[in-house]
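Worksheet: the structure to be examined is printed underneath.
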Amino acid sequence: MVKKILIIEDDPATSRLVEYSLRHEGYQVLSASNGLDGIRKALTEAPDLIILDVMLPGLDGFEICHRLRSEPDTAKLPIMMFSAKAQDMDRNTGLLVGADDYLTKPAAPADIVSHVEALLAKKEQATTGQEKTSG
Amino acid sequence: MEERDIKVLLIEDNQDDAELLQRKLAKSVNVHFTVTPAKCLQDGLKKLSANSHDLILSDLGLPDSHGLDTVTQVLQMAPDIPLVVLSGYDDENVAIKAVQLGAQDYLVKGQMDGTQMERSLFYAIERFRLQRELEQHTEEISKIQANLLKILDKNADAIIVVSKDKQILFINPAAESLFKCQKKALLNTPFKYPVEGGKTSEIDIKHPHGEKTIAEMRVVGIDWEGTPAYLASLRDITERRQTEKALRESEEKFSKAFRSSPDMIVITAVKDGTFVEVNDSFTETTGYTRKEVIGRRADELKIWANKDDRLRMIKLLKEYGKVCQEEYEFRMKSGKTRLWLFSAEQINIGNEECIISITIDITERKETEEALRFSDAAFKSIHESVIATDTNYAITHWNEISEQIYGVKASQAIGKKLQNVIEIVEKYPGENQERFNNLDSNGYLHEEQLHRTKHGEVWVDVSIQTIGGNDKRYGWVILATAITQRKLAEEALKRSEEKYRELINTSIDGIISMDQNMRIIIWNQGAEKILGYKEKEILGKPVVMLTPEKNKKKAEDTLTKLFKINGNGDSNRITETGLLRKNGTVVPVEISLSKRKVEENYLITGIIRDITERKEAEEKLRQIDKMKSEFLSNVSHELRTPLQSIGGFAKLILEGKVPDAETQEEFLQIIDRESQQLGILINSLLDMSRLESGRFQINKRLLPLRDTFIDSIKIFHSLARDKDVSLDEDIPEILPEVEVDAERLRQVIVNLMSNAIKFSDPGGSVTAKLETRNGELLFQVKDGGIGIDKKAMSHLFERFYRAEDKLARGGTGLGLFISKQIIEAHGGRIWAESKLGEGSTFSFTLPLNGKGGNGNGKKDINN
C-alpha cells in the first residue's frame, strides 16, 4: 500500500525538497505550510506519517505535536520532527511532546527517506504485534 | 580750888597801880600769883617771850600803845595766853570792845577788891582754857567734819541719810551719780527703797531712760542731827552682777564642755598624780566612776600601763610647757589596756600645780592605721589616687597616684588641710558646702568632680568614705580616678557620635534599626527617601508593616531567628525583596541585616538599597540576553534552512534523481536563491559585527539608481511565485543620479522585499514603488500581509527585534536594524506604517543632493 506522508513545513524550498525526495521513493506526499492547516490535513487525510517542522508561524511544532497526540485519531500516528533547531533541549522537548523521531536540518534527502522508512517499519511491527496478540 | 601757881605778866606803866595790884594779888589765899611786871608793852612782850605765863594783865593805856591797840598787839604776840585788861576809869565800851577783841575780861582799877580780882583772874584763865579747849574741840570737830564730808564727798559708795519717815536728808555726790539725779532733786524727797537698820539688800534702780542699775545697799541706824535716822551706803554692782553672770555662764559652758567632751579631760595634781577632776568621757571609757577616781592617785589605780610613762610625760611638760599628742597606754578598770593620744598643759588650781590633759582613745584608729600601713603597698599598686584625712580633713595619707594626678608630693600634702591642697571646682556657689554637709550626714559621697591644684585641673571620679564606723569617725578616705581621658573620650565620642549621626542621616541607603520587639527605633533620611515615611511617623511602629503581605511571615521568621542567635551577628546574606512604600507601591530593595548589642540591648539594623534602577537594567539585560540567545538560535536556523535546500537539491541532482530538465532548472534556481539568501544572512552578521565595533562604513558613489532597484527586486519574482504572492513594481524610467553605496542600498531593498514576501500569505500581493518627492527619493514596499501591531511598531528597527514573538518565520531581527543604519548613513529616513490584518508599508528616503548622513553609520547603535 502506498504510504501517505504529510509534511508540515513553512519554508517552500524545504517542503519541495522533502516532497520530491519522498515522491521519488514512491510515497504520496501532502504538505501544509502552517500548523493549523497541518492539523486539519492530519485529521482529514489520514496520513501514515507526519514530518513536522518546529519553527512554524503561529503554533510551533511542539505545540502541534502535542495537539496531534491529544486527538485520538492521530494519537498513535508516527511523527517525525524535522528542524534546524538542533540543541539537546529541542530534541528532548520533541520527545516529551510525543514525537517519535527528531531529525535536524540540514539532512541529506537519503537520510530523510531512511528515517521515514524506519519509522513506518516500526509502526508496522507494533501494529502487527498488537494484532498478533489481540488475535 | 587747888593750890596753884599762876604766873602773871603785869603790864602797867603806872607804878602805883602796879604795886597795888601786886599787893592785892599777893593777898590771895587759894592761888599763888607770881607777878612779872612790865612797864611798857615792849617790855611786856619781851618778858613774854622769856618765860611762860599763865595770864597777861595789861593796862590799856601804855606809853607805847593805847587802848585797843594794846589788846590787839598782846593778843597777837601771845595768842595762847589769856589776857585781862585793866582799865583806869569806868569805860565799859572800851572794855567790852577789848573782850570782843579777844580779851578774857576787864577789870576796872579801883573798883575791885582782891578777892574779886583773884576770882576774875582765875576765871579768866579758866575761861581762856575752856575757850581754848572749845576752840580746839571745835577745830577738831570741824576737821573731823570736814574729813567726814570729804569721805562722804569722795566716797565711791553712795551715801544717803534717810529719816525714819523715809525722807532723804543727805546724799553724797556718789549717790547723785548712782541715782543719776541732782542732790536738790532728791533731798527731802521720799526714799523709794525699803530700809531696815543692819540689813544688806540689793535694789534695782530704774532710771528715766530705762537703764537699770543694780546696787547693793547697807543700812545702819544712826543719829542724825539729833534724830534717829538711817545711813544707807549703796554700791553699784551692775557690772559685778554682769560679770558674775558672764562668769557663771562661762563656768557653765566650761563645765558642760568639760563634762560632755567626747575627749577625755582629766585634771591631776602634778606632784603625785592625784585625780582632781575627770569628765564623763573618762569615766565611760575607763569604767571607773568619779568617786572611785577623784582623790586617788594615778599610780594607786595603776592607770598608766607603763610606770615610767608618767614621769616621761611630766618631763616633757616641764621642758616644753605642754605635752602634744603623745601616745601612751592606759589601763582600764577591766584591766585591758588601750592606746590613748595624750595632750596636756599645766594649770594652777588654788595653789596646787595641776595638769589638765585631753586624751583620745586611738586604739581602733591605730589598728586601722596599721592595717592601712599594711596596705600601703597595695596603695602603691592601686591605680587610683588614695588620700586619707582625719576628721578635720587634714591629710594623713597621700599615695603615689595622688602625686601623679595632682602634681603634689606626699611630703607637701600630708598635714595640710585637704581644701588647701585641692580645690574642688564648684558649678555654682555653695556647692562645696552642700557636698561637705552631705558627707557629714551620709558618711559617703560619690560623684565626678573637677579638681584644681596649682599644677592644673583634672576631672576625677571621686568616692569619699568614712574611716571607722559604729558612730565613731576617725577620718575620711578619698579614692579618685582621673577621668580626664574618659571625659575627653566622652567628648570625642559625643563628637564622633554626631559624626555618625550625620553619616547615618546623609547616607543614601536606608538605615533602619529595630529593637527586640521588632519596632523601628532608627529611621534615616535614606529610608524616608526610599519608602516615603517620615521619621516621626514611623518610629515605634512594627517593622513588618513595611513588608508586603506575602512576605510578612518570612520576614518575621528571619528577624526572630537573627535575634535568637547569641551575641552579635550578621544574617550573612544580602537579600533582594520588595518593601511597601507609604503610597502602597512595592519597591525592589537589597537588604543586609546585622545584629549588634548597643548599650544593654540588641538591635537589628537593616541597610536598604533601592534597586529599582538596577532591576530595570537587569531586566533590560535579560531581555537583551534573551534576544541575543534567540538571535543565535535564529541565526542557526537561518543558516541551516537554506543549507538544507542547497545541499538537498544538489544531492538529488547529483544522485541522478532529477531526470526532468525543467525540474532541474527549478531546483537549481532554488539553490541559487537560497545561496544568495545565505550570503545575505552572512553579510548581515558581518555588518552587525562591524556596527558593534564601529567599523561599519558606506561608500557613496554617483550612480544611476534604476539598475540597483530593478536588479534587487528581480530576484524576488521566483520566490513570490513559489509562495503564490503577486509582486508588482513601479519604478520610473528616468531617475536622477544620486551618490549612493549601491551594495548597501541593494541590501536595504532586498531586506524590505524579503520581509514583505515573508509576511504575506499565499494569495497576497507585494508592491514596490519608487518616486521622487520633495527633493527626496522615496521607495516604498507595500504588502497585504498580517500587519504589525502598535506595540511592535516602536521596536521595529531595533537590534534583534523580531516582529512576531516566538519563532516567527525565520529572520534574525537584524535586517531592519541594519537597513536603518544604512539609510541614515545616507542621510535618509526609514519608517513603517501598518495595520493589523491589512498589511504594512515600509518606506525610506534618500536625499537627492547626496548631502547628509555620516558616511559610516557610526552612530550610537544602542538607540
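The values are calculated or read from the model by the stated rules, or taken from the named source; none is laboratory data. Since this is a predicted model, take the numbers as computed values, not measurements. With ideal geometry, Cβ positions are generated from the backbone for all residues, glycine too; neighbour counts draw on all protein chains shown. Ligands, DNA and RNA are stripped out before the accessible areas are found, and what is left, the full protein with its side chains, is counted by its heavy atoms. Shrake-Rupley method; radii C 1.70, N 1.55, O 1.52, S 1.80 Å.
Hull volume per residue, based on the alpha-carbon atoms of the range B:11-94 and their convex hull, is 98 Å³. Reducing the range B:599-646 and the range A:77-127 to their Cα centroids gives an inter-centroid distance of 33 Å.
Partners of B:Lys534 within straight-line reach, counting lysines whose Cα lies under 23 Å from its Cα and excluding those fewer than 8 residues away in the same chain: B:Lys499, B:Lys552, B:Lys582. For the range A:95-126, a drop of 40 Å² or more in accessible area on going from the chain alone to the assembled protein chains (1.4 Å probe) is found at A:Lys105, A:Pro106, A:Pro109.
Among the trypsin sites (Lys or Arg not before Pro) in the range B:1-48, those placed in a DSSP loop whose Cβ has at most 13 other Cβ atoms within 10 Å are B:Lys27.
Sparse packing (at most 13 other Cβ atoms within 10 Å of the Cβ) combined with a DSSP loop state is found for the following GluC sites (Glu not before Pro) in the range B:1-66: B:Glu2, B:Glu3.
Residues in the range A:44-51 carry Karplus couplings, in order, of 8, 8, 6, x, 8, 7, 10, 9 Hz; the curve used is 6.51 cos²θ - 1.76 cosθ + 1.60 with θ = phi - 60°, and Gly or Pro positions show x. Exceedance of the 24 Å cut-off in Cα-Cα distance is limited, within the set B:Lys7/B:Lys27; A:Lys122/B:Lys657; B:Lys620/B:Lys791, to A:Lys122/B:Lys657. Taking all protein chains as they are arranged and a probe of 1.4 Å, the heavy atoms of B:Tyr230 leave approximately 40 Å² accessible to solvent.
Looking at chain B, the DSSP beta bridges with both ends there are about 85 percent antiparallel.
Residues whose amide H lies under 5 Å from that of A:Ser31, counting only those 5 or more places away or on a different chain, are A:Ile7; hydrogens are built 1.01 Å from N in the peptide plane. Distance between the C-alpha centres of the range B:162-233 and the range B:670-732: 164 Å, rounded to the whole angstrom. Accessible surface for chain B, divided over its residues, is 57 Å² per residue with a 1.4 Å probe.
For the range B:569-656, GluC sites (Glu not before Pro) are listed when DSSP marks them as loop and at most 13 other Cβ atoms sit within 10 Å of their Cβ; the list is B:Glu599, B:Glu600, B:Glu655. Close amide H partners of B:Ser765, meaning residues 5 or more places away or on another chain with modelled amide H under 5 Å apart, are B:Ser726, B:Gly784.
The charge dipole of the range B:1-147, taken about its Cα centre with unit charges on the Cβ of Lys, Arg, Asp and Glu (plus for the first two, minus for the last two), comes to roughly 220 debye.
For chain B, relative contact order (Cα pairs under 8 Å, six or more residues apart, normalised by length) works out to 4 percent. Over the protein assembly as shown, with every protein chain in place, what whole percent of the accessible area is carbon and sulfur at 1.4 Å, could you tell me? The value for the protein assembly as shown is 51 percent carbon and sulfur by accessible area. Note on the range B:448-501 and the range B:1-45: Cα centroid distance 128 Å, given to the nearest whole angstrom.
Accessible surface buried at the B:A interface totals approximately 2300 Å², computed with a 1.4 Å probe on protein heavy atoms. Using Cα pairs closer than 8 Å and at least 6 residues apart in sequence, work out the relative contact order for chain A, in percent. RCO, chain A: 21 percent. Considering only DSSP beta bridges with both partners in the range B:24-175, what is the antiparallel share in %, to the nearest 5? For the range B:24-175, the DSSP antiparallel bridge percentage is about 35.
Around B:Ile237, under 14 Å between beta carbons, what's the net of Lys plus Arg minus Asp minus Glu among the other residues?
-1
Applying D = kT/(6 pi eta Rh) to the range A:4-134, where Rh is the Kirkwood radius over alpha-carbon pairs, T corresponds to 37 °C and eta to 0.692 mPa s, the Stokes-Einstein value obtained is 225 µm²/s. Excluding residues fewer than 8 places away in the same chain, name every one of the lysines whose C-alpha is closer than 28 Å to that of B:Lys427. Hits, sequence-local ones excluded: B:Lys409, B:Lys416, B:Lys417, B:Lys454, B:Lys487, B:Lys494. In this structure, the residue pairs whose Cα-Cα separation is over 27 Å, taken from A:Lys41/A:Lys105; B:Lys714/B:Lys790; B:Lys154/B:Lys212; A:Lys4/A:Lys76, are B:Lys714/B:Lys790. For chain B, the spread of Cα coordinates along the three principal axes comes to 250, 81, 49 Å, biggest extent given first.
Enumerate the helices in chain B for which the Kyte-Doolittle hydropathy averages -0.5 or more and the C-alpha atoms extend at least 18 Å along the helix's axis, using complete DSSP H runs.
Answer set is B:661-692, B:742-758.
Using C-alpha pairs under 8 Å with a sequence gap of at least 6, the mean separation divided by the residue count of the range B:163-225 gives a relative contact order of 27 percent. Computed over the protein assembly as shown, the alpha-carbon pair-distance distribution with 20 angstrom bins reads 9, 14, 13, 11, 9, 11, 8, 8, 5, 4, 5, 3, 0, each value a whole percent.
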